[in-house]
1. What number comes out for the charge environment of B:Asn299, summing +1 per Lys or Arg and -1 per Asp or Glu over other residues with Cβ under 15 Å away?
2. Just add up the charged neighbours of B:Val253: K/R +1, D/E -1, any other residue whose Cβ is under 14 Å from the Cβ of B:Val253.
3. Taking only DSSP H segments of four or more residues, each worth -39500 (n - 2.57), what value at 222 nm results for chain A once the sum is divided by all its residues, to the nearest 500 deg cm²/dmol?
4. May I ask you to derive the FRET efficiency for B:Val74 and B:Asp182 from their Cβ-Cβ distance with R0 = 51 Å, giving the value to the nearest 0.05?
5. Given a cut-off of 23 Å, name the pairs among A:Lys323/A:Lys362; A:Lys305/A:Lys356; A:Lys408/A:Lys469 whose C-alpha atoms lie farther apart than that in the structure shown.
6. When ranked by the protection proxy of mean other Cβ atoms within 10 Å per residue, highest first, what sequence do the peptides A:132-139, B:68-75 form?
7. Expressed as a whole number of Å, what is the distance separating the alpha-carbon centroids of the stretch A:335-356 and the stretch A:261-331?
8. Please determine, in degrees from 0 to 90 and to the nearest 10, the orientation of helix A:56-65 with respect to the longest principal axis defined by the Cα atoms of chain A, where the helix direction is its Cα long axis.
Amino acid sequence: MNTLARRLAGAALLSAGLSFGPAATPVLADTPKDTLVMAWQFDDIVTLDPGEIFELSGAEYGAQVYDRLIRFDVNDVSKIYGQVAESWTVSDDGKTFTFTIRDGIKFHSGNPLTAEDVAYSLQRAVKMNKGPAFILTQFGLTPENVDQKVRATNPRTLVFETDKTYAPTFVLYCLTADVSGVVDSKLVKSKEVNGDFGAAFLKANSAGSGPFVLRQWKASELLSLEANANYWGGAPAVKRVLIRHIAEPATQRLLLEKGDVDVARNLKPEQFEPLRGNDKIRIVQAPKGTLYYFGLNQKNEVLAKPDVRKAFKYAVDYDGMAKTIMNGLGTVHQAFLPKGFLGALEENPYTYDPAKAKELLKQAGYPDGITVTMDVRNTSPSMDMAQAIQGSAAAAGITVKLLPADGKQVVTKYRARNHEALLYQWGADYQDPNTNADTFAANPDNADDAKAKPLSWRNAWDIPELTKKTAAAVEERDTAKRAAMYQELQREVLETSPFVIMFQQTEVIAERSNVEGLVWGPSFDSNYYWKVSKK
Amino acid sequence: MPGRRHAIRGAGLLVSVALTVLGLLLVTFLIGRVVPIDPVIAVVGDRVSADTYARVRQELGLDLPLWQQFLRYVGDVIQGDFGTSVLTSRPVLEDILRVFPATLELATAALVVGVLLGIPAGVMAAVHRGRWPDHLIRVIGLIGHSIPIFWLGLMALLVFYARLDLAPGPGRVDVFYEGLVDPVTGVITVDALLAGETDVFWNALHHLVLPAGILGLYSVAYIARMTRSFMLDQLRQEYITTARVKGMSEARVIWRHALGNIAVPLTTVVALSYASLLEGSVLTETVFAWPGLGLYITNSLLSADMNAVLGGTLVVGAVFIGLNLLSDLLYRLLDPRAR
């Protein structure tokens, strides 16, 4: 055991009121004051490299370890502030963004953070071209031109050029995404093997300047972070954050109640409802940008009829599901932009109306009703949701046959457009409305071998007009006008689409009441541990 | 010529082991190909471009015909290459070597429980055949064998951890002891002692009690049953009567003579239950968040990480074959009649 670990162990034990030596007490009552312990299902983490992270849990990790150029205010998403950037300007034609980099920031390694590091981080993400790279490449950046388009003109100045004029907030929101986390270019370059941009190293190591440093990651087991005592924004109050992968919600609840963990992340209503009466535990609810919906494949000629599509929207018991299955895990939301996004429509025009659904089916030529299969992930709450839909749709003359399967099987089928109906969820990739418009309201090419495969494509919904409107909205520089354009798009999608959007997800977190300062933002990469402390 | 016969038998054994392993490889390979999951999506995720998708598909060799893929797979496995895990982004073999000691620790502790309780219980049952101790032991054995292990595990956690505070919760050590001891052997109790961290050692030992006890209950049932029937067999033999007539104490007759004579078949029983404990740890590990091979395979399965699932299954299969082989050899070595 190295000396640092020994010291930490000592600190942990002392603060727990114990001493070294054969432990007389096998079970400790509380976790140490300077350590935050969390139980969380984080088995989706496959990499810790900000250029590659594209999973919810990974994104949250990135937010603790890496600083970004700019961020948005979690309480008011419309406010963007500089993190590594002190200030920025946008050229008159809207194509050149110039950032001034804050002085005096140091990486965990001790290297100073400069505009070159920021440029390298963005160039690196584009050249590696992994999952999240599209957030940057949609501005016309390619591995060939990125060194030209994103560059440091001096140690304190970064220039970012786009290929066209876009809404400035669109560009800025994309730069707040995890993929633009700033990496220590000196360190990463020194770890490069066979031109991999240090990817092998960054997969399981950290090279950031954020409030926490990675100490250990064991996939599906343990993630441990250590405070960066020299953080430029002020050192965190806790010394360590330990995150244990605990798959069972019941086990998470047990550990939380016993005080073996401070935070439980994956409780279901049956676990957190009884906890509401416990004064040692606090339940926090944070709306997230994830939508629960089901899609109807338009390759199916029955489902392609507009009246049939509409019938489905009246065949779902939104309020009933919100009260039972979702019970705190989500709120009814039917438009494709989640609450909190620019232009988000907060009207929910559809309610459960089986008679109307029947009428619509009759108009479509199916007086005796229809039968449809629905693919669904065999996890909670998707399965419960699917069963509820099955029940409510039956009363509307729609027989739903459920095909539950593992998540990856469902996606495989979805991507091949082999489904009839399919229940899934969709999470926003960045905070700009284009992220969801681009997938729910655009389908540039409906051919089977199309390059872009948004959700509209997956459901074979051919919409050249809406595609054009979506493209126009992202170029609109007047924010008010732009918001109006998205509202119009949402209304059209609500009216005509093969998507039945039902809920916006709420993340429910159970914390011990002596824990303070955890920030649960609207996306996973805006959950922050930086200011956490324990009384 | 007994020597030659041995050699032929040995060769036959080797061939049959080789064939078994090959069969195992074929089955695991086919399972990996039959599941309706696109392995490319498992690697690159859901939203990549068509180019990246095609590149990775080729990198994975999925564009080759099935038989070529199988040959490649066998070739790789022979060289110790089980592929890379999607979940951990590391070579599967490395992962398995890291998690296997935890399973070994759990299964070994469970085996100790099984042997220490199972053999005396079996002897008792045989000696008191048909009377209440026999019935009691058989009923306990039946319960131990038929109650689902995950349910028993959850109940044990609820009672001994949540209610009575007698045992620590899930995991190999309390969370804030995690990572304090550098892995040398991977068996945390041993590593803690090597590092001189007695508190971690005690903590780890406490964490071992519940899962090992519950897992051990399974082999208690099996070992007790087998011991009982071996014992009954012995107690009928003439030499036992002779010993008793000679005035030897009953305890000496039973524990020394009879038990001594069933030591050989018992070795096989113990080896076989060790193998099934290693397998049976899958559910126990899930309930107790025990980061061993069982949990690794379960997690891999849930995230469609086929390389890891195949590698893990192969290792479990190989251990099973290995222990079978070992018990077979021991049997031959110890019991002259088997030669």
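The numbers here are math on the coordinates, done by the rules we state, and not lab data. Since the structure is predicted, the reported quantities are computational estimates derived from the model, not experimental observations. Cβ atoms come from the backbone with ideal geometry, glycine included; neighbour counts cover every protein chain shown.
1. The answer is -4.
2. Every neighbour counted, the sum reads +3.
3. Working: 19 runs with 167 residues, N = 535.
Result for chain A: -8500 deg cm²/dmol, rounded to the nearest 500.
4. Approximately 0.90, to the nearest 0.05.
5. A:Lys323/A:Lys362; A:Lys408/A:Lys469
6. Final packing ranking: A:132-139, B:68-75.
7. About 14 Å separates the Cα centre of the stretch A:261-331 from the one of the stretch A:335-356.
8. 30 degrees
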